[in-house]
Amino acid sequence: MRVVVADDSTLLREGVVRLLEEAGLEVVGQAGDGEDLLRKVRAHKPDVAVVDVRMPPTHTDEGLRAAREIRDELPEVGVLVLSQYVEIAYARELLAESAEGLGYLLKDRVADVQALADAVRRVGEGGSALDPEVVSQMLGRARRDDPLAELTPREREVLALMAEGRSNAAIAEELVVTDRAVEKHVTGIFGKLDLPASGEDHRRVLAVLRFLDQPA
Amino acid sequence: MTSLRRALIALAIAAFAIGVASAALVLTSDHQSSRGLVVALILLAGWGFSGTGLFAWYQRPASSIGPLMTAIGFTWFLQGLQASEDSVIFALGILGSALPYAILIQLLVTFPTGRIETAFQRALIVLAYVDTTILQLAWMVFTDPTKEDGCRGCPESPILISSNSTLSGIFETIQVLIAIPAVAATIVYVFLHWKRSDRRDRRVLSPVLLTGAIAFGFLFVQLVLDQSGLPETAVTVAFIAGVMAFSGLPFAFLVGLLRLRIGRDEEIRTALTAENRQLTAELEAKVAELRASRTRIVEAGYEERRRVERDLHDGAQQRLVALTMSLRLVRGKLASDPDGAAELLDEAMEELGQATAELRELARGIHPAVLSDRGLGAALSGLADRSPIPVEILETPSQRLPESVESATYFVIAEALTNVARYADADAATIRVSRVDGTVEVEVRDDGVGGADPTAGTGLRGLEDRVAALEGRLAVDSPRGEGTTVLARIPCG
């Protein structure tokens, strides 16, 4: 899988590149700002662009803007946005149209090589990767009439992993249960929350997030 | 020309004419003794009072002092009618001869305001009028002027019922017995009034008091002498002296009134000075408040730095030091105990994760990046999402606000929500940020226990300063048991 990495901090960029290469991914280009990133992505047409939110010249949301441009121009290129902060507002913006081939992770996650590589792969394959922090913020949001109250603790765990973009198999592995058990939980959740049952992982993510993000 | 002025000029002409007529009457009289002296006295006091009275009337139309003085002048001329050979005119002259004294008493006890304010004033004035009108009339109906001393050749009185010397004597005595204490009371009253007054009021009262006291003193002496049966000459001398002083009175009133005007100028000056002083005091208070809030802002800045330093020192820095040690241990164990080394590395990773999480929160507390990147709406929904109680955002401005206003708004809401979570025991809270006519209104409302004291904690105080620095105002409404509303109004272009 071919990857372009964009981050203005050389130290971090090199680190990410090394981690991804060790995980067996091919880094075909590196960029230090938004413009540079767009050039490299257009040139290399990678499977995934790993993008830092803050980059020169404004050091505000260069990465996000570049990410949107890439998704408009080259929808087949997956985008994994890395951010120093987790803001639901950013997640909403990125997920506005589709969760397909999109990831939004806290920068800290680069420390977990396996998780980072998994996320890149998922995004590269057209799936989604949403940071557990975003998901837990959405899940943990105080609501007046909390529809999540009906869920069992196990169903909550499954819901969180689902929202992150994990497949049933991945969830089963994470929770150390059978695929069959996960399927049962998922059906239960969709039923209790009155969500449209959906097979594809990224659609599932979008459905879950749309639900979680409704105003209380 | 105003109608008042026209009327006053007409009155002045009338006063002049009446004076001349009165003088002519006296000078052509058969029965009037000492004509020259009488004419001089009548004209001096009559014109004196009416002239100064009309002037005072013109100067201060709202005051009754001018009209009262004018009335004294006009009634004074009535004395001249006594010189008439016509019985009716003569009787009118007798009837009105004491009236000016009653008016003078009213003038003296109400000077300089002209207002009757106390029951004592009213009683004294009523008594004076009764004495000089009703009792005078009563005396007249029993007194035959032709039989009186010093009125030889006087005409018959047309209102004489029966010449009864006993009744005449009784009424005269009653009149005098009322007049003596009334005059004395007036003198004492004016003196007490003068004594109670401050320096400025005394300047107004002094000339009147002095002249009035002299006039009434002579009147008093005359009244007493009259009763004591002393020779006529002494009485006449007292009368003439009294009338002389009496004639000086209008000028004394005028001096008093003029001084009052000067006093009023001074009053205005004093009022202006007082207002100036108050403005200065307000300004000084504002400067002091500004200085205090500036100090607090600076101190808050230092306090903030100390907090950041403490958080860094206690958090990330400690963790990094621990991490260094862990890594050193790992290095030592790598060869001898690979499993132990791996375990230590896991711990180190955990530590690192904590350190980065803490740094992230710290950075957000200093300034939330999403606020500058995406504005209030996004930043506030983040705040609402992280709040442990349900927060509903009712309204946010559709356009971006100036950075300083946006930041103050954000921190007001963040602090308010922190307080709601900590103290309010609320079920829910709402946020509303609206822009109305160049002012941003920020409102955080909860349904908790209320009773918040904005002067207690430093949090709200800090917010107040932050808002005040932008010329805004922060209000906390927190009735016990009815929730709390924090309302900030910040001007923005």
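The values are calculated or read from the model by the stated rules, or taken from the named source; none is laboratory data. The shown structure was predicted, so the numbers you read here are calculated from the model rather than taken from an experiment. Because the Cβ atoms are built from the backbone with ideal geometry, glycine has one as well, and the counts that use them run over all protein chains shown.
Some points to look at:
- Residues being of a type in the set (A, V, I, L, M, F, W, C) and assigned to a loop (DSSP other than H, G, I, E, B) - total across region B:464-478: 2
- Entry remark, region B:16-44: residues being modelled with pLDDT of 80 or more and either in contact with a Leu (Cβ under 8 Å, 6 or more places away or on another chain) or not in a helix (DSSP H, G or I) (or both) number 6 in total.
- Close pairs from region B:168-179: first in contact (Cβ under 8 Å) with a residue 12 or more places away in the chain, partner of a type in the set (Val, Ile, Thr) and buried (at least 16 other Cβ atoms within 10 Å of the Cβ), Cβ under 7 Å, at least 6 apart: B:168/B:143
- Unique residue being out of contact with any Gly (no Cβ under 8 Å at 6 or more places or on another chain), of a type in the set (Asp, Glu), part of a helix (DSSP H, G or I) and at pLDDT below 90 when the list is B:350, B:358: B:350
- Filtering region B:335-346 to residues that are away from chain A (no Cβ under 13 Å), exposed (fewer than 15 other Cβ atoms within 10 Å of the Cβ) and part of a helix (DSSP H, G or I) leaves B:335, B:336, B:338, B:339, B:340, B:342, B:343.
Residues checked against (1) touching a strand residue (DSSP E or B) at 6+ places or on another chain (Cβ under 7 Å); (2) within 14 Å of chain A (Cβ to nearest Cβ):
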{"site": "B:290", "(1), (2)": "no, no"}
{"site": "B:294", "(1), (2)": "no, no"}
{"site": "B:298", "(1), (2)": "no, no"}
{"site": "B:333", "(1), (2)": "no, no"}
{"site": "B:350", "(1), (2)": "no, yes"}
{"site": "B:358", "(1), (2)": "no, yes"}
{"site": "B:381", "(1), (2)": "yes, yes"}
{"site": "B:384", "(1), (2)": "yes, yes"}
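- Residue count for region A:42-74, restricted to those that are away from chain B (no Cβ under 13 Å), assigned to a loop (DSSP other than H, G, I, E, B) and acidic (Asp, Glu): 1
- When restricted to residues that are without any contact (Cβ under 8 Å) to a residue 40 or more places away in the chain and in contact with a Ser or Thr (Cβ under 9 Å, 6 or more places away or on another chain), region A:186-215 contains 4.
- The residue list B:221, B:235, B:188 contains one member that is of a type outside the set (Asp, Glu), under 23 Å from residue B:118 (Cβ atoms) and either in contact with a Leu (Cβ under 6 Å, 6 or more places away or on another chain) or without any contact (Cβ under 8 Å) to a residue 24 or more places away in the chain (or both), which is B:188.
- The one condition in (1) in a loop (DSSP other than H, G, I, E, B); (2) touching a residue at least 40 places away in the same chain (Cβ under 8 Å); (3) more than 14 Å from chain B (Cβ to nearest Cβ); (4) out of contact with any Asp or Glu (no Cβ under 7 Å at 6 or more places or on another chain) that residue A:143 fails to fulfil: (3)
- Boolean, residue B:444 is crowded, with 22+ Cβ neighbours inside 10 Å and within 42 Å of the chain's Cα centre (by Cα): yes
- Test result for residue A:3, touching a His at 6+ places or on another chain (Cβ under 7 Å), surrounded by 16 or more Cβ atoms within 10 Å (Cβ to Cβ) and modelled with pLDDT of 90 or more: no
- Comparison of B:397, B:388 shows that the only residue that is within 12 Å of another protein chain (Cβ to nearest Cβ) and in a loop (DSSP other than H, G, I, E, B) is B:388.
- Those residues of region A:159-199 which are part of a helix (DSSP H, G or I), among the polar types (S, T, N, Q) and crowded, with 16+ Cβ neighbours inside 10 Å, in sequence order: A:168
- Options A:137, A:114; residue that is among the polar types (S, T, N, Q), in contact with an Asp or Glu (Cβ under 6 Å, 6 or more places away or on another chain) and assigned to a helix (DSSP H, G or I): A:137
- With respect to (1) facing chain A (nearest Cβ under 7 Å); (2) touching a helix residue (DSSP H, G or I) at 6+ places or on another chain (Cβ under 7 Å); (3) not polar (S, T, N, Q), the lone exception for residue B:428 is condition (2).
- Residue identified as farther than 20 Å from residue A:23 by Cα, among the acidic types (Asp, Glu), more than 14 Å from every other protein chain (Cβ to nearest Cβ) and touching a residue at least 60 places away in the same chain (Cβ under 8 Å) among A:183, A:100, A:164: A:100
- Listed conditions (1) crowded, with 21+ Cβ neighbours inside 10 Å; (2) aliphatic (A, V, I, L, M); (3) at pLDDT 90 or above are all met by residue B:370, apart from (3).
- Matching residues in region B:241-270 - criterion: being at pLDDT 80 or above and hydroxyl-bearing (Ser, Thr, Tyr): B:270
- Selection status of residue B:64, of a type in the set (Gly, Ala, Ser) and touching a residue at least 24 places away in the same chain (Cβ under 8 Å): yes
- Qualifying residue in region B:456-474 (condition: in the same structural domain as residue B:374 (by TED's automatic domain parsing) and more than 27 Å from residue B:298 (Cα to Cα)): no
- Residue B:45 within 22 Å of residue B:237 (Cα to Cα) and in the same structural domain as residue B:60 (by TED's automatic domain parsing): yes
- Just one of the numbered conditions (1) part of a helix (DSSP H, G or I); (2) surrounded by fewer than 20 Cβ atoms within 10 Å (Cβ to Cβ); (3) under 42 Å from the mean Cα position of the chain (by Cα); (4) among the small types (Gly, Ala, Ser) is not true of residue B:114: (1).
- Qualifying residue in region B:361-384 (condition: outside the structural domain of residue B:447 (by TED's automatic domain parsing), more than 60 Å from the chain's Cα centre (by Cα) and either within 25 Å of residue A:93 (Cα to Cα) or among the β-branched types (Val, Ile, Thr) (or both)): no
- One residue stands out in region A:75-97 among those that are touching a residue at least 12 places away in the same chain (Cβ under 8 Å) and part of a helix (DSSP H, G or I): the one that is farthest from the other protein chains (Cβ to nearest Cβ), namely A:94.
- Counted residues, region B:56-91 - those being over 22 Å from residue B:251 (Cα atoms) and either outside any helix (DSSP H, G or I) or touching a Leu at 6+ places or on another chain (Cβ under 8 Å) (or both): 7
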